[in-house]
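Asker: Structure below; questions to follow.
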Amino acid sequence: MSSPPDIISSTSNPLIKSLRSLERKKGRAETGLFLAEGARLVEQGLSAGWELDSLVVSASSAERSFVRDLVSRASKSGARTVQVTDRLAGQIARKDNPQAVIGAFKQAAPKLGDLSVPKSSLWIALYEVRDPGNLGTILRTADCAGISGVLLIGQCCDPYSVEAVRASMGSIFDIPFARSSFDDFNTWRTGKGLSMFAASVNGTVRHTEADMTGPSIILMGNEQAGLPDEVEAKCDTLCLIPMRGGADSLNLAQATAIMTYEAWRQRGFA
């Protein structure tokens, strides 16, 4: 039997304080939780097997049939369910027009060795990417293109930040990802027989002419600095994405999508 949601109206409630702290990296680190906003994202996380710690629904949405079903499902999974005022929901999400449903999920921290490496796999590796919007968008692109996983190299931004989760549109629940130092990552990928292709202003091969049909990793650099020389030296192929006009570079998420879809095209969109 599922339990009806608790009703909370005070900003000083310990649960509300804890949920509000998840906007900050310190709060996420201390609790091991992150926020997913919206009934669709919460349902997607539950369906993907992620552990839901608590579920918040706004008073104005509590009687919607889909929300009631989600509350019942969350309660049966062991999550705490609470109902709050619309104003309090906005304070948790830090938005004037918050989603009617907000879930706090437990973070996962997979390591490179935990990842399954299919025979003809295609991966995205991100070197010290700092913009959570870019990271979330890349997770979404990876999901659309059936990428094996996304690897976060060095001092990358937090994939569990509110901005990254929002930009991923739920793909954070579906795409395997892991953090690593560059040296550990390079040892892992060579041991798995994965060729590494990097998009670079120093590229010598047009991205459409690089053969990415074998087991491969697409490596993308930091938004401002790109990839260091010593990292580029470890790559098998440096690719150049053609550009013309006044702009001297592409947005990181756009460039990653171009590289990813070219590799997928070469595989017949299989």
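The values are calculated or read from the model by the stated rules, or taken from the named source; none is laboratory data. What you see is a predicted model; the values in this text were computed from it and never measured. Side chains are part of the model used for accessible areas, which takes the heavy atoms of the whole protein and leaves out ligands, DNA and RNA. Shrake-Rupley method; radii C 1.70, N 1.55, O 1.52, S 1.80 Å.
Asker: Using Cα pairs closer than 8 Å and at least 6 residues apart in sequence, work out the relative contact order for the stretch 112-267, in percent.
Answerer: 28 percent
Asker: Can you compute the equivalent ellipsoid semi-axes for the stretch 160-238, i.e. the square root of 5 times each eigenvalue of the Cα gyration tensor, sorted largest first and rounded to whole Å?
Answerer: Gyration-tensor ellipsoid for the stretch 160-238: 24, 16, 14 Å.
Asker: Please report, to two decimal places, log10 I(q)/I(0) for the stretch 112-267 at q = 0.12, 0.17 Å⁻¹ as given by the Debye formula with identical point scatterers on the Cα atoms and no solvent.
Answerer: Result of the Debye calculation: -0.44, -0.95.
Asker: Hey, another quick one. Please report the spacing between the Cα centers of the stretch 150-206 and the stretch 23-64 in Å, no decimals.
Answerer: Taking the Cα centre of the stretch 23-64 as reference, the centre of the stretch 150-206 is 25 Å away.
Asker: Label the stretch 6-106 by shape, choosing from rounded, prolate and oblate, from the square roots a ≥ b ≥ c of the eigenvalues of the Cα gyration tensor; if a/c is under 1.5 it is rounded, and otherwise prolate applies when a/b is larger than b/c, oblate when it is not.
Answerer: oblate
Asker: Can you tell me the length gained on complete extension of the stretch D6 to N202, counting 0.36 nm per residue apart and subtracting the Cα distance? Mind dumping the intermediate values first?
Answerer: Numbers: separation 196, 0.36 × 196 = 70.56 nm, distance 5.80 nm.
Additional length available on full extension: 64.8 nm.
Asker: Sticking with this structure for a sec: Hey, what did the stretch 36-82 get for relative contact order, percent, Cα under 8 Å, at least 6 apart? Display every interim value, and only then the final one.
Answerer: Details: 36 pairs, mean separation 19.5, N = 47.
Averaging sequence separation for qualifying contacts and normalising by length gives 42 percent for the stretch 36-82.
Asker: Once you have the alpha carbon radius of gyration of the stretch 1-55, what is it after dividing by 2.2 N^0.38 Å, with N set to its residue count? Show your work: numbers first, answer last.
Answerer: Numbers: Rg = 12.5 Å, N = 55, 2.2 N^0.38 = 10.1 Å.
Scaled against compact globular proteins, the figure is 1.24.
Asker: Could you give the angle, 0 to 90 degrees to the nearest 10, between helix 132-144's Cα long axis and the longest principal axis of the Cα atoms of the chain?
Answerer: Tilt of helix 132-144: around 80 degrees.
Asker: Counting only DSSP beta bridges with both residues in the stretch 6-106, tell me the antiparallel percent, nearest 5.
Answerer: That works out to approximately 55 percent antiparallel.
Asker: Sorted by accessible area with a 1.4 angstrom probe, largest first, how do Y160, Y261, Y127 fall?
Answerer: Putting Y160, Y261, Y127 in descending order of accessible area: Y261, Y127, Y160.
Asker: What share of the DSSP beta bridges in the stretch 162-270 is antiparallel, in percent to the nearest 5?
Answerer: 10 percent
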